[in-house]
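The values are calculated or read from the model by the stated rules, or taken from the named source; none is laboratory data. All figures in this text were calculated on a predicted structure; none of them were measured in a lab. Cβ atoms come from the backbone with ideal geometry, glycine included; neighbour counts cover every protein chain shown. These accessible areas exclude ligands, DNA and RNA; they are computed on the full protein's heavy atoms, side chains included. Shrake-Rupley method; radii C 1.70, N 1.55, O 1.52, S 1.80 Å.
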Amino acid sequence: MASHPANTGQDRDHANPPGVIAAFLFPALLVYAALTALPVLRTFYNSTHLVVPNRPSEWIGFTHYAKLWTDAIFWKAIWNTLTWAAVAPVLEVAVATLLALCLYAKVPFSRFLRVAWFTPVLMSYVVVGILWMWIYNYEWGALNTMLRAVGLGSLAQPWLGHPDTALASLIAVTTWMWTGFNMVVILAAMSSLPSEVLEAAELDNCGWLAKLWYVILPLIRPTLLNLIVLSFIGKMKIFDLVWVTTQGNPLWATETVSTYVYKRAFQWSTFDLGYPSAIAVIWFFIVLAGVLGLTALFRQQDKLEY
Amino acid sequence: MSARTIAVPVSGAGLRMAALLLLIVVYTLYSTGPFVWVAAMSLRTTTEIAANPYGMPWPAHFEKFASAWFDSNYDTYFLNSVTIVLSAVALLTIIGGMAAHCFARYRFRFKSALYFLIFSTIIFPPQVTVIGLFQIMVDYGLYNTRVGLVLVYVSIQLPITIYILEAFFARIPKDLFEAARIDGYSEWSIFWRISLPVAMPAIATTVILNTILLWNEFLYAVVLITEDDKRTLPLGVLRFLGDQLEDVGMIATGLMIAIVPVVLIYVFFSERLIQGMTAGAVK
């Protein structure tokens, strides 16, 4: 992070010519202002207006926000997304830690395995979504085929078609996709641990489980927490996967905030961009609070340096 | 006591190794199996797949790729994706490189604040930008244009690009710049002829990372592009899915067309790509 003190003393600083600095920063700041800051401000503005095509926006105060309180789909979407953002990071990081330990134990082909396990995260959600729609297919999908092969055919079901299993099935997809990514990061953190610490634990005749629990995990804790925050942010944004597979169906069981905003803004013929903007603004603050809350919680627990 | 401490660890270790290897094999099948499956299906006809979804791709129907490419507009989608992604990546490298160079090398007022402002956008949920962006693109006449999508792609990848490059530029020794200045280099040529070449490894990382992420991008494309001849590959695949829901074999071929470039990049640059993807997570 850039944290040099601002150079306030010398206005005519030969080493830091203001004109040159401005020129170097200008394109990036222009892109930032026009395509990030302005859209965000516009969305905030929308949220207190009725925004209909070919008519000037009409100020309606906090009507949209008030309507949100009674919008059952909105609450369902919030609930689904929060569930996703709470469950997936823990799953991903836990499984990834186990996998990283496997490779840390110097098994054969560990370099190849690391590269292979990382692969799913490189695919677009469109590809992954279609692929998993087939895996979850009732008649010939890989999951049901395997269940039937081991005599558990009674458990076979249309995984994405049933309200009780749809969300869990999609969470499993993101876990499949992101675990390898987390594993690579955790493995890097483990590999950079000082070997003396581990040798000391070895000398103390520490069992491997104890070594893991009392030595390795506490040392890589900052990395684990960082990954949890990152995964949390990613899941709060989730759109593509849902859009490709279920579009929020069945019965809003997989509706996320992103898909609901998209539907209200671009699909339902309400033509009003104000209401979805209000959802986006609320969501912006929820994400912000979530990230700040998690960071504060983790920092408080053991004075982490982020 | 001593007998137990000798006997138990030996058999325990063997058992543990076996369990470990089993776990590894199962997880490898789980994480890569789906791709092997879709690769096999991409070479088989839908009739063959219907008869046995898990069969081997013999005889291999390579002609399916030609027919997806020419008959289903995949040539257009592919070309659109290549043009849009490469333009965005080129712009990102220049614009992001300039800003990162500036942050790493000069001292100025509000530097930390500006850096924080740009970097904080990585936590923004896209919902909060996408509606405003849609309106702005319509106002500027950039809606439904490839140029518009390129600019949006530059804006979404800019923070991470600056972040990775700044970290690298900051490690270039100051003496190098001083020497260049004494030799009469202008500030621009210091950037162009020293910073950029020296930072080639970091630039390569951001180029590969941005290429993959933008190649896969979906949300902004689906909001900003509606005309078929401007669609990128992910949109094309989805349109194809909508049109040919039952034609599993052809959809698999379409998926492979989208996957192959990514796999090729990964085969040649796996370490760099992993480095780039995890740059935000590793401290």
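Listed conditions (1) touching a residue at least 60 places away in the same chain (Cβ under 8 Å); (2) surrounded by 16 or more Cβ atoms within 10 Å (Cβ to Cβ) are all met by B:Glu246, apart from (2).
Return a yes/no flag: does segment A:55-66 have any residue that is modelled with pLDDT of 90 or more and within 23 Å of B:Leu133 (Cα to Cα). Yes: segment A:55-66 contains one or more residues that are modelled with pLDDT of 90 or more and within 23 Å of B:Leu133 (Cα to Cα).
From the list B:Val38, B:Val25, which residue is open to solvent by 30 Å² or more (accessible area, probe 1.4 Å), of a type in the set (A, V, I, L, M) and at pLDDT 85 or above? Spell out the reasoning first.
Values: B:Val38 fails: open to solvent by 30 Å² or more (accessible area, probe 1.4 Å).
Unique residue meeting the criteria: B:Val25.
Screening A:Ala265, A:Ala278 for residues that are more than 21 Å from the chain's Cα centre (by Cα) and at the interface with another protein chain (Cβ under 9 Å from one of its Cβ atoms) leaves exactly one candidate, A:Ala265.
For segment B:105-121, the criterion of being within 7 Å of chain A (Cβ to nearest Cβ), surrounded by 21 or more Cβ atoms within 10 Å (Cβ to Cβ) and touching a residue at least 60 places away in the same chain (Cβ under 8 Å) is met by no residue. State whether the residues of segment A:130-150 include one that is within 25 Å of B:Asn210 (Cβ to Cβ), facing chain B (nearest Cβ under 8 Å) and out of contact with any strand residue (DSSP E or B) (no Cβ under 7 Å at 6 or more places or on another chain). Within segment A:130-150, one or more residues are within 25 Å of B:Asn210 (Cβ to Cβ), facing chain B (nearest Cβ under 8 Å) and out of contact with any strand residue (DSSP E or B) (no Cβ under 7 Å at 6 or more places or on another chain).
With respect to the conditions (1) out of contact with any Lys or Arg (no Cβ under 9 Å at 6 or more places or on another chain); (2) of a type in the set (S, T, N, Q); (3) free of Cβ contacts under 8 Å to residues at least 12 places away in the same chain, B:Thr161 falls short on a single one, namely (3). Step by step: first the residues of segment B:210-236, then only those that are in contact (Cβ under 8 Å) with a residue 24 or more places away in the chain and of a type in the set (Val, Ile, Thr), then the one that is most open to solvent (accessible area, probe 1.4 Å). Which residue is that? Among them, the one singled out is B:Thr226. Counting the residues of segment A:148-162 that are open to solvent by 50 Å² or more (accessible area, probe 1.4 Å) and part of a helix (DSSP H, G or I) gives 4. Within segment B:187-205, not a single residue is touching an Asp or Glu at 6+ places or on another chain (Cβ under 8 Å), assigned to a helix (DSSP H, G or I) and of a type outside the set (Val, Ile, Thr). Residues of segment B:171-203 that are surrounded by 16 or more Cβ atoms within 10 Å (Cβ to Cβ) and of a type outside the set (Val, Ile, Thr): B:Phe177, B:Ala180, B:Tyr185, B:Glu187, B:Phe191, B:Trp192, B:Ser195, B:Leu196, B:Ala199, B:Ala202. Among the residues here, A:Ala105 qualifies as within 7 Å of chain B (Cβ to nearest Cβ) and of a type in the set (Gly, Ala, Ser). The set of residues from segment A:66-120 being open to solvent by 20 Å² or more (accessible area, probe 1.4 Å), among the small types (Gly, Ala, Ser) and not in a loop (DSSP other than H, G, I, E, B) comprises A:Ala66, A:Ala72, A:Ala86, A:Ala94, A:Ser110.
Residue count for segment A:163-211, restricted to those that are assigned to a loop (DSSP other than H, G, I, E, B), surrounded by 13 or more Cβ atoms within 10 Å (Cβ to Cβ) and either at pLDDT 90 or above or facing chain B (nearest Cβ under 9 Å) (or both): 1.
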